[in-house]
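The values are calculated or read from the model by the stated rules, or taken from the named source; none is laboratory data. All values reported here derive from a predicted model rather than from experimental measurement. Using ideal geometry, Cβ is built from the backbone for each residue, glycine included, and neighbour counts are taken over all protein chains shown. Ligands, DNA and RNA are stripped out before the accessible areas are found, and what is left, the full protein with its side chains, is counted by its heavy atoms. Shrake-Rupley method; radii C 1.70, N 1.55, O 1.52, S 1.80 Å.
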Amino acid sequence: MLKYNFKEIESKWQKVWDEQQLYKAPDHPRGEKYYMLVMFAYPSGDIHMGHFRNYILGDATARFQMMKGKDMLHPFGWDAFGLPAERAAIQRGLHPAEWTYKNIETSRKTLQTTGISFDWSREVTSCSPDYYKWTQWMFVQLFKKGLAYQKKGWVNWCPEDKTVLANEQVVDGKCERCDTQVEKKELTQWYFRITDYADRLIDGLDTLPGWPENVKMMQKDWIGRSYGLEVDFIIKETGEKMPIFTTRPDTIYGVTFMAIAPESPLVEKLNLKGEYKEKVEQYKKEVLMRSEIDRAAAVGEKDGVFTGKYAINPFNGEEIELWVADYVLAGYGTGAVMAVPAHDSRDFLFAKKYKIPIKVVIHPDAKTTLKVDEMDDAYTEYGVMVNSAHFDGLAGEEAIRGVGNYAEEKGIGRKKVNYKLRDWLISRQRYWGAPIPIIHCPKCGTVAVPEKDLPVLLPEVENYIPKGRSPLADVPEYMHVKCPDCGGEAQRDPDTMDTFVCSSWYYLRYADPHNEQKPFDNGKLDPWMPIDKYIGGITHATGHLIYFRFFQKFLKDIGWVKDEEPAVILFNLGMVMDAKGEVMSKSRGNVVSPIGLMDQRGIDISRLGMYFTAPSEKEVLWSDDVLVGIEKFVRNRFFPMTGQYRGSHPDLKSYFKLSDLSDYEKNTYIKLNQTVKRVSEDIDRLQFNTAIAALMELEHDYKPDQIKSDTLNDYIILKAIQLIAPLAPHLAEEMWQLCGNELSVFRSAWPDYDPDAVKFDTVTIAIQVNGKLRSDMEMLRDMAQDEVISAALKDTRVKAYTDGKEIIKKIYIPNRLVNIVIK
């Protein structure tokens with residue numbers, strides 16, 4: 001039997017691939033192209049099992065598409081700026097650059113030993129000046145179009161990292177990086193006007209059938225487009241208008257109080273005095289310590305304070321109390337809501353607590369009457385308007401439309417679209433980031449650094465420990481500059497950019513990574529775009545995956561890219577957990593290194609084990625035990641197939657006539673073609689576990705001593721090698737060469753299946769164990785009972801229940817079912 005020496009085989013083929021530059025993408029695709037992209041990595045240490053899984057999924061896809069004759073762009077790079085790297089460097093007493101580049105070197109070396117088909121000639125590193133020069137260029141373009149701006153406002157503040165956070169970086173009220181409770185601070189910060197693209201970001205999702213529905217729904221919910229009416233309530237004391245947005249104008253006559261966000265500018269307009277002012281200011285301090293998640297929750301106790309002021313409802317002239325309440329957020333709508341206790345659960349709880357009147361203005365239907373003293377909660381569904389003047393009797397959409405039309409006719413309101421999405425806060429008061437390319441001049445105001453002066457280099461500093469303001473502010477030689485417009489004394493902006501800015505355009509740089517004159521050449525980029533498949537975690541659904549779509553749309557608007565959307569297909573892989581279902585972490589001591597696995601078992605066996613453990617989109621509960629069966633399959637069954645090769649060198653593009661084959665040959669030929677079809681479909685869908693199962697079944701059914709035709713025998717072996725090639729590339733290359741082929745298996749054409757063989761008369765047979773369905777299999781119709789039961793007993797899913805058990809009975813219902821009874 002041939003010996004599978006994985007260390008020799010893997011080292012040998014990686015050298016060959018490198019010498020042949022097998023994975024080097026051409027500047028311009030010569031034929032059909034495929035852009036395979038995995039999310040680039042934070043260099044926070046060496047790669048872990050999560051990285052390994054992500055990158056081998058992309059690698060299998062890339063190799064599969066190469067064999068289908070497509071020119072491949074499969075690049076890689078490093079998301080190297082930002083808080084994770086800086087925090088780790090501070091903990092170790094190192095400079096962030098030293099820590100970052102050391103980790104990049106380590107991780108690159110590990111990745112290169114895995115044999116993944118990255119084109120390393122296109123590697124990008126976001127903390128390198130030749131990259132962040134163009135991140136700054138992107139900022140300048142946004143600034144020129146009025147889409148990058150500064151404003152004072154309430155921001156999320158991490159007291160541990162001493163910097164602001166975007167809304168997307170706050171999870172359950174805590175910093176996503178360090179898990180510290182987030183506070184609110186009022187600061188002047190830089191924002192990108194992503195809200196200008198809200199409609200296109202939502203509507204564009206309908207053009208992406210290749211994106212997971214849950215991701216699209218998460219983005220739609222995050223952007224939060226809602227249609228409603230903006231009503232001009234009047235502050236009684238001043239006569240000033242107070243616009244309020246509502247999605248339920250049919251409840252306008254049920255407003256009994258107004259709830260205002262404590263941090264809303266509307267509070268200042270009320271000119272509070274005395275005890276009311278003191279109570280509101282104290283309440284504001286308390287509320288700003290609470291998370292927005294808790295404040296906005298639909299359940300739980302709500303609180304607030306009365307301002308002593310009133311507003312007038314323009315529909316009925318009634319006075320309504322103005323309250324400051326925790327459950328209203330300043331960032332949504334106008335920062336205040338009209339409160340209708342009878343028809344909103346939070347308003348209902350609030351009104352009950354503070355004994356504010358509750359007025360029913362919607363009944364479920366014409367025959368059902370709601371009574372306040374019998375209500376345990378608000379009635380929030382649509383229904384028939386009552387107690388609403390001349391609108392009584394209107395219901396649902398007709399009611400909403402009628403109230404809206406009336407408001408516009410009387411000039412007391414207007415129909416409006418509102419969004420939950422806020423502008424993207426990109427300022428960071430940290431050292432390790434791309435400097436914001438802005439100069440503040442007393443005479444000229446805010447001025448962009450001229451493009452010819454980019455990059456604004458990150459200076460060397462003695463102390464980069466966060467202090468609540470940017471460390472760059474303490475570097476006089478960096479801060480003091482001449483204004484590029486008037487030549488007068490001016491100062492640089494001291495902040496750096498959020499690392500998500502760097503990752504919002506990196507996929508474009510891969511097409512032209514060494515261009516010193518512009519971020520990329522359209523002649524090189526356009527033929528490769530859009531990304532054909534993008535693989536990464538679902539944790540980025542409402543962060544990076546929105547940001548990079550925003551950048552794509554903006555760059556299209558200014559003529560730099562041709563596509564409205566950056567990626568055709570998005571695939572979210574599942575996390576890798578330990579065998580107990582816990583997240584792997586150094587603190588728990590449960591981290592499994594792919595390096596150790598590859599050294600002990602080999603790269604391809606480690607890959608096959610990861611693929612086989614679970615569907616790619618599901619979580620993996622990792623245990624080394626999964627490698628035992630895979631290793632036996634490779635060493636004892638699949639690799640030795642080359643020893644059965646008879647040297648006939650068959651034409652792999654030809655098909656066999658079923659009438660020329662013996663019964664066994666015909667059945668095996670049909671099985672081969674069914675496997676080709678199944679594996680092709682499974683790899684295309686990243687369902688590698690079932691692809692491997694199909695290959696195991698094919699190998700199991702392959703009995704060379706029953707195949708008289710040398711051509712058919714060799715045809716089966718060569719096609720089996722091609723089918724496993726994307727999943728186990730080193731193994732496949734070695735077997736391909738042992739069978740007398742000179743060119744790489746990845747230069748061979750992906751197998752086609754014989755449609756006549758696939759359409760052959762087969763049936764799906766269910767396999768039960770003790771009457772419970774455990775698997776199924778495709779078999780020829782009317783196949784002998786012994787063969788069917790034998791195949792059922794060898795099914796990998798069935799063996800999980802029968803191994804080590806006594807089989808007391810085997811029942812076969814022809815062409816339908818096998819039931820194995822065990823005890």
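Run the numbers for Asp752 and Asp373: contour at 0.36 nm per residue of separation, minus the present Cα-Cα distance, in nm. Walk me through the numbers on the way to the answer.
On the way: separation 379, 0.36 × 379 = 136.44 nm, distance 7.27 nm.
Length difference between fully extended and current span is 129.2 nm.
Solvent-accessible area of Met575, probe 1.4 Å, all protein chains present, reported in Å² to the nearest ten, please.
About 100 Å², rounded to the nearest 10.
Which GluC sites (Glu not before Pro) in segment 324-430 sit in a loop by DSSP (not H, G, I, E or B) and have at most 12 other Cβ atoms within 10 Å of their own Cβ?
Those satisfying the criteria are Glu381.
Between Ser623 and Leu793, what is the label-point separation in nm under the 7 Å Cα-to-beta-carbon projection?
Simple spin-label model gives 2.6 nm for this pair.
Once fully extended, how much extra length lies between His480 and Glu19, figured as 0.36 nm per residue of separation less the alpha-carbon to alpha-carbon distance?
Extra length available between His480 and Glu19 comes to 160.9 nm.
What are the ³J(HN,Hα) couplings of segment 361-372, residue after residue, when phi is run through the Karplus curve with 6.51, -1.76, 1.60 and θ = phi - 60°? Round to Hz, x for glycine and proline.
10, 9, 9, x, 7, 5, 9, 10, 10, 8, 10, 4
Once a ≥ b ≥ c are taken as the square roots of the eigenvalues of the Cα gyration tensor of segment 139-262, is the result rounded (a/c under 1.5), prolate (a/b larger than b/c) or oblate (a/b not larger than b/c)?
Oblate is the answer for segment 139-262, as a/c is 1.5 or above yet b/c matches or exceeds a/b.
Report, in debye and to the nearest 20, how large the dipole of segment 635-757 comes out about its Cα centre when Lys and Arg carry +1 and Asp and Glu carry -1 on their Cβ. Don't jump to the answer; show the numbers that get you there.
Details: 14 positive and 19 negative charges, 29 e Å.
That gives a dipole near 140 debye.
With the dipole of the chain worked out from charges on the C-beta (+1 for Lys and Arg, -1 for Asp and Glu) around the Cα centre, which of Tyr227, Pro314, Ala473 lies farthest toward the positive end?
Ala473
Given q = 0.05, 0.08 Å⁻¹, what are the Debye log10 I(q)/I(0) values for the chain, with equal point scatterers placed on the Cα positions and solvent ignored?
The calculated log intensity ratios at q = 0.05, 0.08 Å⁻¹ are -0.38, -0.86.
From the square roots a ≥ b ≥ c of the eigenvalues of the alpha-carbon gyration tensor of segment 635-757, which class results: rounded (a/c under 1.5), prolate (a/b over b/c), or oblate? All intermediate terms of the calculation are to be shown ahead of the outcome.
Values: a/c = 1.44, a/b = 1.15, b/c = 1.25.
Rounded shape, in that the Cα axes give a/c under 1.5.
Any chance you could check the Cα centroid distance between segment 138-213 and segment 96-116 for me, in angstrom?
30
What shape does segment 539-687 take by its C-alpha gyration tensor, where a ≥ b ≥ c are the square roots of the eigenvalues and a/c under 1.5 counts as rounded, a/b above b/c as prolate, and the rest as oblate?
In terms of gyration-tensor shape, oblate.
Give me the percent of the accessible area of the chain that comes from carbon and sulfur atoms, probe 1.4 Å, all protein chains in place.
C and S fraction of accessible area: 49 percent.
Suppose R0 equals 35 Å. What FRET efficiency, 1/(1 + (r/R0)^6) with r the Cβ-Cβ distance, do Asp221 and Lys152 give to the nearest 0.05? List each step's numbers first, then the result.
Details: r = 28 Å, r/R0 = 0.81.
Efficiency at R0 = 35 Å is approximately 0.75.
Please give, to one decimal in nm, the separation of the simple spin-label points placed at Asn590 and Ser345, each 7 Å out from Cα toward the Cβ.
3.3
Assuming R0 = 25 Å, can you tell me the calculated FRET efficiency for the pair Thr380 and Glu213, based on Cβ-Cβ distance, to the nearest 0.05? Spell out each step's value before the answer.
Details: r = 26 Å, r/R0 = 1.04.
Efficiency computed from Cβ-Cβ geometry: 0.45.
Given only helices, namely DSSP H runs of n ≥ 4 each adding -39500 (n - 2.57), what is the per-residue ellipticity at 222 nm of the chain, to the nearest 500 deg cm²/dmol?
-10000 deg cm²/dmol
For the chain, with only Lys/Arg (+1) and Asp/Glu (-1) charged at the beta-carbon, what is the dipole magnitude about the Cα centre, in debye rounded to 20?
Roughly 480 debye for the chain.
Can you list residues from other chains, or at least 5 along the same chain, whose modelled amide H is less than 5 Å from the amide H of Met577?
Residues meeting the criterion, in which the H sits 1.01 Å from N, are Val620, Leu621, Trp622.
Please identify the trypsin sites (Lys or Arg not before Pro) of segment 523-614 that satisfy two criteria: DSSP loop assignment and at most 15 other Cβ atoms within 10 Å. Which are they? Mind showing how you got there, number by number?
Details: sites: Lys524, Lys533, Arg549, Lys553, Lys556, Lys562, Lys580, Lys586, Arg588, Arg601, Arg607; in loops: Lys562, Lys580, Lys586, Arg588.
Sparse-neighbourhood loop trypsin sites (Lys or Arg not before Pro): Lys562, Lys580, Lys586, Arg588.
Amide H to amide H, which residues 5 or more places from Val481 or on other chains are under 5 Å from it, using H placed in the peptide plane?
Ala490, Gln491, Arg492
When Rg is the radius of gyration of the Cα atoms in segment 225-419 and Rh is its Kirkwood radius, what does Rg/Rh come to?
A ratio of 0.95.
Around Thr668, under 9 Å between beta carbons, what's the net of Lys plus Arg minus Asp minus Glu among the other residues?
+1
Check each of the GluC sites (Glu not before Pro) in segment 1-100 and keep only those in coil by DSSP with at most 13 other C-beta atoms within 10 angstrom; list them in order. The partial results should precede the final answer.
Numbers: sites: Glu8, Glu10, Glu19, Glu32, Glu86, Glu98; in loops: Glu32.
Those satisfying the criteria are Glu32.
Can you give the extra length, in nm with one decimal, that the chain gains between Asp782 and His514 once fully stretched, where that is 0.36 nm per residue apart less the Cα-Cα distance? Walk me through the numbers on the way to the answer.
Working: separation 268, 0.36 × 268 = 96.48 nm, distance 6.33 nm.
90.2 nm is the gain from fully extending Asp782 to His514.
Which whole-number value in Å² is the accessible area per residue of the chain, probe 1.4 Å?
43
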